[in-house]
Structure formats: C-alpha cells, structure tokens
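> Please find one structure pasted underneath; my questions will follow.
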Amino acid sequence: MVISMGFIWNFPLFCIVLCLFSGVLCSVLPRKWAKAVSYTLVILVMCMSAGVLWYTCTMEESFVYMMGHYPAPWGNEVRAGVLEGIMALFFSVIMILSLLAGEKALAKDVEESRQNLYYSLVNLLLSSLLALVYTNDMFTAYVFVEINTIAACGLTAIRGNGRSLVASAKYMMMSLLGSGLLLIGITLLYDVTGHLLMSNIHQAVAECMASGTYSEPLTVIIALICVGLAIKSALFPFHSWLPDAYTYSTPSSSAMMSSLVSKAYIFLLVKIFFRVIGWEVISSNRIVDILFAFGLAGMIMGSVSAIFQKDVKKMVAYSSVAQIGYIYMGFGLGNLEGVMASLFHILMHSAAKSMLFVSLAGLAEASGGHTTRKELRGSGFRNKAAGVAFTMGAFSMVGIPLFAGFISKILFATAAVDNSVAKMTVTLVVLAVSTVLNAIYFFRAVICIYTPGRELPAKKTSLVFAAAMFGFAALNLFLGIFSDVVMDGIRLGMQMFA
C-alpha cells in the first residue's frame, strides 16, 4: 500500500508526458488508430487524475514531485493538491464527453485526411491543460500557455473554411498579445525575485513587501499578468476573438474551448494569486477593484450581446463572456469566499457550456444544419436527447434550483454580503439584472426548439451521442445536488494553496 500510494506521486507527470507523446504519435497514425489512442489516453488520464484527487483528499495534504530529483534552480517541479486533482479530473471528464458527443459532427466537418491531426491537437491541448494545473514553475507555465494557444488555434482552423480560418487568425492575434504581456510580467518577476519556482517567488515577494522595496514594480507585474491572462480568457472588453472562435469551430472544439481553455488560464491566475504573489498582497491591491469592475461589465454586456443574436450558437458563445465576468467579479470581491465561488463557477460553467454546444449540434443536425432560432423550431422534438440536454444546460446557466448555476449565484451573493456595503450592493444588483438577462435569451431559445416549425423527419439519435448527453446531464445535476461535497473539496484545496 505504501508503494502504491507513493507511486501516485508520479501520476501528474505521467499525464503530461503521455499526452505530449500521444500528440506526436497521432500525427503519423491513421485516423482510426489516432482516435483509439486519444480516447484511451483521455480515459487513462481521467483515472490517474481520480487517483491524485483520492490521495490528496485522504492524506489532506499536497505533494511536490521534483523532475529528475534535482531541486530548483536546476530541476523543475509539479505540485498536486485537492484543487489540482479536481480540475484535472474535471477537465478530462469534460474532454471525453465532448469528443463522444461531437464524434458524428467531426466526421462531417473535418476531412478524413485531417482527422488524425485533430486528435493530435486534442492530446496537445490536454497536455497543456494538465501542465497549467500541475506546474510549480512560472516559465514552464508560460511554455504550456503557448502550446495551449497553438492547439486551440489548430482546433478552430481545422474545418478549413473561410470563417473558421478568420476566427483562428483573430484568436491567434489576441492570444499572442496576452501571451506577450504575460511573458513581460514573468520576466520582470524574475528580475525582481531571481526565481521562477512559484514557492521561491512567493517567499521573495513576502520579503520585498516586508521591507517595502519593489512595491511599484510588483504592482506593474500584477497588472501585466492579470491583463495578459484576462485577454486569453476573454474577459470583457478583451473578448472580441471569442464569439467567432466558438461559433465556427466544430462542436467538440467549441465545447472544449469554452469549458477548458479559458478556465485553465483562469486557474493559472488563481495559482499566481495564491502561490506566487500571495493573496494578502493581491487583496490589498487596487487591481482587484479593476477586475471587479470589468467582471461586472462583462456580466451585463455579454448578456446584452447574447440577446441580440439570431444565431443560437453565437448566442451561447456570447453568454460565455458574461460567465467569465462572473468569475472575475468573484476575484474582485477580494475575499476567500469570492474566490471559492469563482472556482465553483468554473466547474459549473464548464459542465453546462460544453453540454450546450454539443447538444446544439444535435439540434442543428435535426434542422438541416441551421442554428438560427427560426430554423431550430421544433428541433427539440426531432432530437429529444439534444433537446433535453440543451434545456438542462440553459436552466443551469439561468440559475434554476437543483442545477449548479443556482448554487453559483447563491455563493456569489453570500460572498458579496461578507464584503463592504458598496461592493455588496453593486454585486447583488448586477447579479439580479444578469440573471434576468440570462433568462431572456436562454428561455427564448428553449421555447424556440419546442415550438412547432418546419415538417422535418426526426433524427435517429446515436447511442454514443445519447450516452454523452446523459453523462453531461448527470455531471450538471451532481454539481447542483451535491454542491456541498464539491465545496468541501474546494475549501480543502484552498487551505493547501494558502
């Protein structure tokens, strides 16, 4: 038992390296073999991530694995705690469900000769996601940020039509701007502290704050890193790349990009807040007030933009801008309750938004490939599994009880009550307005898919698609009904972070 538990310490590195190797391997394999390797890998990563989560919950402590068994600055480290285990497990579950649900659409949208490259990009994307979750080194984080960017751009462009290529180019330009700002911030941080390992930087920053030195450079560093990752995660007003990238990608790509890519950048930002700079420094800095303001603006403007969309897929894409605003608003509250609410919202939004995108693909297939509200009329009857899944996702986004979105909004409201009167009042008002706006465009879409329209034949739902919809529905209900269990894990993980 001691040997097996000690062996779990290798799992984070195994996951990252296996995904990298598989990404290279799938690029030269035939389509069927690439698909089999990718599915097997994601399931294996899911099992290893569950093992990491079980170990850290049982031991109630995190662990650090030194690659090559050399300490910094010669060696590198990965670190795993409860939060890392939750995110890694959740990311792998979302990815396997997204691949299963979008399998039929992938065969139609992507040329057969390119499909092995699609799975190669998926493996590279998963590798970068896991590296951002587990790494304890800032430079390694930056390297995998770039791998993540390249993989996401490839997943957007792989359809090969004009719109997807333009969307990929827009995403690349905005993402490179964010990466550049992040790199400048890391460079300045290294110049001030002389370290790249997160724990060592944290100690050096604490010494700088105690002595009163480098306070202005540290503020600039925090601002650069926050803006860089805000651009990459599509915080309003840096969201211009998001609608097209999500709308014109394949259904699986849209699901993974909306639920995984942006969330990995946000989780990296949380790690920087707590394990690099220190939450005491961040919460006392006025930058959190700026994040708070932009988060509130995103909550409203994202929803307003979604209301005016006739294309339901673009409507769902714009709603992600509003949901990213929720997360940054939680950070801006400046207390631990707000951060924990944001972490839960990451899980909620990932589960609901990926289900919305892939279920919408099923509704579109039953409507002649169209995604406008007019053309989708009656599609909920023609593809019952997709209709039910879309409705459940919409209910969660609005915040109907029993669904995870309801818990998210309760957590944000509770965190706001424990804050200053000004922030509490503004947060509660914007939460209420945003919820009403969410209800307007999501309920309108749900009513539309169950409104009789053109007489089209019902589509036979494949067993794989139905199973994926069931998995998404179960995941959303689990987060809503067993939110206490999830929050206990987040709370324990936050204690390990601190």
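The values are calculated or read from the model by the stated rules, or taken from the named source; none is laboratory data. Quantities reported herein were computed from a predicted structural model and do not represent experimental measurements. Cβ atoms come from the backbone with ideal geometry, glycine included; neighbour counts cover every protein chain shown. Areas reflect the complete protein model, heavy atoms only, side chains present, ligands, DNA and RNA absent. Shrake-Rupley method; radii C 1.70, N 1.55, O 1.52, S 1.80 Å.
> What relative contact order, as a whole-number percentage, does the stretch 358-402 give when Cα pairs under 8 Å and 6 or more residues apart are counted?
36
> Could you tell me which of 180, 136, 192 has its Cα farthest along the dipole of the stretch 49-194 towards the positive end, charges placed at Cβ (Lys, Arg +1; Asp, Glu -1), taken about the Cα centre?
Projecting each Cα onto the dipole axis, the largest value belongs to 180.
> State to the nearest 20 debye the size of the charge dipole of the chain about its Cα centre, where the only charges are +1 on K and R beta carbons and -1 on D and E beta carbons.
So the dipole magnitude of the chain works out to roughly 2020 debye.
> Also, quick follow-up: Can you give me the accessible area per residue for the stretch 367-430, using a 1.4 Å probe, in Å²?
Heavy-atom SASA per residue in the stretch 367-430 reads 41 Å².
> How far apart, in nm, are the 7 Å Cα→Cβ label points at residue 433 and residue 447?
Placing both labels 7 Å beyond Cα along the Cβ direction yields 2.3 nm.
> If I take every Cα pair under 8 Å that is 6 or more residues apart in the stretch 290-425, average their sequence separation and divide by the length, what percent do I get for the relative contact order?
Details: 191 pairs, mean separation 31.3, N = 136.
It rounds to 23 percent for the stretch 290-425.
> Estimate the FRET efficiency between residue 487 and residue 402 by the formula 1/(1 + (r/R0)^6), using the beta-carbon distance for r and 22 Å for R0, to the nearest 0.05.
0.85
> Could the peptides 396-409, 10-23, 312-325, 275-288 be put in order, highest first, of the mean number of other beta-carbon atoms found within 10 Å of their residues?
312-325, 396-409, 10-23, 275-288
> What FRET efficiency comes out for the pair residue 388/residue 40, r = Cβ-Cβ distance, R0 = 35 Å, nearest 0.05?
Efficiency, from the Cβ-Cβ distance: 0.75.
> How big is the shadow of the Cα convex hull of the stretch 244-306, averaged over all directions, in nm²?
Numbers: hull surface 20.8 nm².
Answer in nm², one decimal: 5.2.
> Let me check against my output: what whole-number percent is the relative contact order of the chain, with C-alpha pairs under 8 Å and at least 6 apart?
Working: 851 pairs, mean separation 73.8, N = 498.
Result for the chain is 15 percent.
> Simple spin-label model, 7 Å along Cα-to-Cβ: residue 300 to residue 107 in nm?
In this crude spin-label approximation the distance works out to 4.8 nm.
> Same structure, new question: To the nearest 10 degrees, how steeply does helix 162-193 sit against the main Cα axis of the chain, on a 0 to 90 scale?
The angle comes out near 10 degrees.
> Right, next: Using label points projected 7 Å from each Cα along Cα→Cβ, tell me how many nm separate residue 58 and residue 173, to one decimal.
Placing both labels 7 Å along Cα→Cβ, they lie 5.2 nm apart.
> Taking the solvent-accessible surface of protein heavy atoms with a 1.4 Å probe, what is the per residue accessible area of the stretch 29-123 in Å²? Could the numbers behind the result be given before it?
Values: 4120 Å² over 95 residues.
Counting only protein heavy atoms, the per-residue value for the stretch 29-123 is 43 Å².
> Moving to a separate point now. Between the alpha-carbon centers of the stretch 340-419 and the stretch 209-277, tell me the distance in whole angstrom.
Comparing the Cα centres of the stretch 340-419 and the stretch 209-277, I get a distance of 23 Å.
> Along the charge dipole of the chain, which of 407, 330, 470 sits closest to the positive end, that is, farthest toward it, with unit charges on the beta carbon of Lys, Arg, Asp and Glu (+1, +1, -1, -1)?
With unit charges placed on the Cβ atoms, the residue in question is 470.
> Follow-up question, since we're still on this one. Provide the FRET efficiency to the nearest 0.05 for the residue 21-residue 422 pair, computing r from the beta carbons and using R0 = 60 Å.
The pair residue 21/residue 422 has a calculated efficiency of 0.70.
> Helix-derived [θ] at 222 nm for the chain: sum -39500 (n - 2.57) over DSSP H runs of at least 4, divide by residue count, nearest 500?
On the way: 23 runs with 377 residues, N = 498.
Computed ellipticity for the chain at 222 nm equals -25000 deg cm²/dmol.
> Roughly speaking, to the nearest percent, how much of the chain's 1.4 Å accessible area is carbon and sulfur?
Using a 1.4 Å probe with all protein chains present, the chain comes out at 70 percent carbon and sulfur.
> Sort the following peptides by mean Cβ neighbour count (other Cβ atoms within 10 Å, averaged over residues), highest first: 203-211, 188-196, 468-476. Write out the running numbers ahead of the final one.
Numbers: 203-211: 14.3, 188-196: 17.7, 468-476: 21.0.
Going by the mean number of other Cβ atoms within 10 Å, highest first, we get 468-476, 188-196, 203-211.
> Quick one: which of 28-41, 222-235 comes out on top by average Cβ neighbours within 10 Å, and what's the full order, highest first?
222-235, 28-41
> Please state the shape class of the stretch 290-364: rounded when a/c is under 1.5, otherwise prolate if a/b exceeds b/c and oblate if not, all from the C-alpha gyration tensor.
Here the stretch 290-364 falls in the oblate category.
> Taking a temperature of 37 °C and a viscosity of 0.692 mPa s, what whole-number D in µm²/s does Stokes-Einstein yield for the chain with Rh from Kirkwood over alpha carbon pairs?
Using the Kirkwood radius from Cα pairs, D works out to 145 µm²/s.
> Also, I was wondering about something else. Pop out the ³J(HN,Hα) list for the stretch 212-220 in order, Karplus 6.51 cos²θ - 1.76 cosθ + 1.60 with θ = phi - 60°, rounded to Hz; leave Gly and Pro as x.
Rounded to whole hertz, the list is x, 9, 6, 5, 5, x, 5, 5, 5.
> Using the Cα centre as the reference, give the magnitude of the dipole from point charges on the C-beta atoms of the stretch 352-398 (Lys, Arg: +1; Asp, Glu: -1; all else neutral), rounded to the nearest 20 debye. Kindly include the intermediate steps, with their values, before the conclusion.
Working: 6 positive and 2 negative charges, 24 e Å.
I would put it at about 120 debye.
> 5 Å is the cut-off here: which amide hydrogens, built 1.01 Å from N in the peptide plane, fall below it relative to residue 372, excluding neighbours closer than 5 in sequence?
312
> Relative to the first principal axis of the alpha-carbon coordinates of the chain, what is the inclination of helix 31-59, with its axis defined by its Cα atoms, in degrees from 0 to 90 and to the nearest 10?
50
> Nearest 10 degrees, 0 to 90: what angle lies between the long axis of helix 287-307 and the longest principal axis of the chain (Cα atoms)?
0
> What residue among 107, 46, 82 has its Cα farthest toward the positive end of the dipole of the stretch 9-138, where the charges are +1 on Lys, Arg and -1 on Asp, Glu, each on the Cβ?
Farthest along the dipole direction, towards plus: 107.
> Go through the stretch 415-422 residue by residue and turn each phi into a ³J(HN,Hα) via Karplus (6.51, -1.76, 1.60, θ = phi - 60°); whole Hz please, and just put x for glycine and proline.
So the Karplus estimates, Gly and Pro as x, are 5, 5, 4, 7, 10, 5, 4, 5 Hz.
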